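Laboratory data are not the source of any read-out in this text; all were calculated from the coordinates shown. Because the structure is predicted, anything quoted here is derived from the model rather than measured. Here the Cβ is made from the backbone with ideal geometry for all residues, glycine too, and neighbour counts use every protein chain on show.
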Amino acid sequence: MEEWCKTMPKVELHAHLNGSIRVSTLLELAKALNETQKGAINFSQMEHVIMKYDLSLIEVFQFFDLIHNVITDHNIVTRITKEVIEDFASDNVVYLELRTTPKRNDSIGMSKRSYVDAVIKGLRSVSSVDVDFIPKTGDSKSLTNDKCNGNSRKRIIVRLILSIDRRETTEAAMETVKLALEMRHLGVVGIDLSGNPKTGEWTTYLPALKFAQEQGLNVTLHCGEIRNPKEIKNMLEFHPQRIGHACFFEDEHWRKMKSTKIPVEICLTSNIRTFSVSSIEDHHFDYLYKTKYPLVLCTDDTCVFNTSLSKEYKYAADSFGLGRWEMFELSRNAVEYIFADNGVKNYLRKYFNSVSKNMEV
Ligand code: 6MZ
């Protein structure tokens, strides 16, 4: 079944760049850093979090700090991006919205802009697969179906979402939104609010998030990753274009969701491993799926949670009794919730249609 899930075309809408770093690259970079700067990395802590199966949210965020420590120059950002794209493409992800927090680090001459430039360089440097990340003018009219085009090379369409970390200031968040607006022609399609849900107040970012929406950027919020009914209610009233997780929703939140139909990015392994949902049988995927609520299966952080999108589909199939056809439809439906323009959407709809005729479902 996992092999079949791998061959199925998939759409990934909730993947954090640095949480998806290859484990081998992380270890290699950590070793190199320790050689040049003795004690820069706490290896035993790193091994502990890599090997540990269940990670509390606190440990997950310690893990991110460790990953961020190895990013000591722009070339490393470029390399991580290139490898992450290659990994998603080899898992047959045909459309990927990759999110990352633009980082400013004066000690290494990195600005938020130069960080995102390094990400874009990573997209350009992939050679094993065609990476389509520049939006076509005129609503992506020139995106053509590979088969019609006689082009047999594998292709992945990538769009970027810039994240705001809940540790940042209002001004830093606004800088990220302005950067996203300036980089729309390079495939930036949205803004995400993420980071440790126990940190800060989301209202700190409201001016930046409102500005983003007013300017036509899509907004997705990490929402309900911990119990915080008031924050969940206020976030839903803001009406983001999508939300991630939705683990601690109460009846009043689901009632609101029923009328707004905000699509939910579901990350099964992440939610189970961080104890945000007590058991897979209790996961809200079941309720949302049965009520035909708009949802999309995603990975969150392939490195941190040792997963892939194929594994997430298999996990859903095993846990909730989905057959091949149901999984294919789940994957196809995700196209409706992407942030890219209608040209890309139409291309993907046609692509899924053509594949459905040849896939054994
Ligand atoms: C909240 C998360 C997250 O931005 O450096 N991030 N935020 N909840 C999660 N679920 C467990 N997983 C990842 O990728 C890593 C950053 O993404 C956010 C955190 O801010 C983390 O530092 P980038 O590419």
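Comparing Gly39, Gly122, Gly19 in a Gaussian network model of the chain (Cα springs below 10 Å), the most mobile by mean-square fluctuation is Gly39.
Extent along the principal axes, Cα only, for region 197-286: 40, 29, 21 Å, with the longest axis given first.
Among the chymotrypsin sites (Phe, Trp or Tyr not before Pro) in region 1-100, those placed in a DSSP loop whose Cβ has at most 12 other Cβ atoms within 10 Å are Tyr53. If you model the chain as an ellipsoid using its alpha carbon gyration tensor, with each semi-axis the square root of five times an eigenvalue, the axes come out at 28, 25, 22 Å, biggest first. Near Asn75, within a Cβ-to-Cβ distance under 11 Å, what is the net charge of the other residues, with Lys and Arg +1 and Asp and Glu -1? Cβ neighbours under 11 Å give a net charge of +2. For region 326-361, backbone nitrogen atoms closer than 12 Å to the point 7 Å from Thr137 Cα along Cα-to-C-beta are found at no residue. Over 20 Å between Cα atoms: which of Lys52/Lys311; Lys10/Lys357; Lys261/Lys314; Lys198/Lys314; Lys38/Lys82 fall into that group? Too far apart for the 20 Å limit: Lys261/Lys314; Lys198/Lys314; Lys38/Lys82. Charge tally for Glu237 (other residues, Cβ to Cβ under 14 Å; Lys, Arg +1; Asp, Glu -1): +3.
Charges were assigned to the Cβ only: +1 to each Lys and Arg, -1 to each Asp and Glu. The resulting dipole of the chain about its Cα centre is roughly 960 debye. Under the criterion of Cα pairs below 8 Å and six or more residues apart, the relative contact order for the chain equals 21 percent. Using the Cβ atoms and a cut-off under 11 Å, what net charge is assigned to the surroundings of Asp91, where Lys and Arg are +1 and Asp and Glu are -1? Spelling it out: positives minus negatives among the neighbours equals -2. Computed extension length for Asp87-Phe275: 65.0 nm, one decimal, from 0.36 nm per residue of separation with the Cα-Cα distance subtracted.
So which trypsin sites (Lys or Arg not before Pro) in region 176-242 end up in coil per DSSP with only 10 or fewer other C-beta atoms within 10 Å? Answer by residue number: there is no such site.
Rounded to the nearest whole Hz, the Karplus-based 3J(HN,Hα) values (6.51 cos²θ - 1.76 cosθ + 1.60, θ = phi - 60°) of region 49-58 follow the sequence 6, 5, 7, 6, 6, 8, 10, 5, 4, 4, with x at glycine and proline. For region 216-361, the C-alpha radius of gyration sits at 1.06 times the compact-globule guess of 2.2 N^0.38 Å, with N the residue count. When the Gaussian network model of the chain links Cα atoms closer than 10 Å, the mean-square fluctuations of Ser279, Ser163, Ser20 top out at Ser279. Mind checking which of Thr101, Thr137, Thr25 has the largest fluctuation in a GNM of the chain, springs on alpha carbons under 10 Å? Answer for the Gaussian network model of the chain: Thr137. What the Cα atoms of region 139-298 give is an Rg and a Dmax of 17.5, 53 Å.
Take every DSSP beta bridge whose two residues both sit in the chain; close to 5 percent of them are antiparallel.
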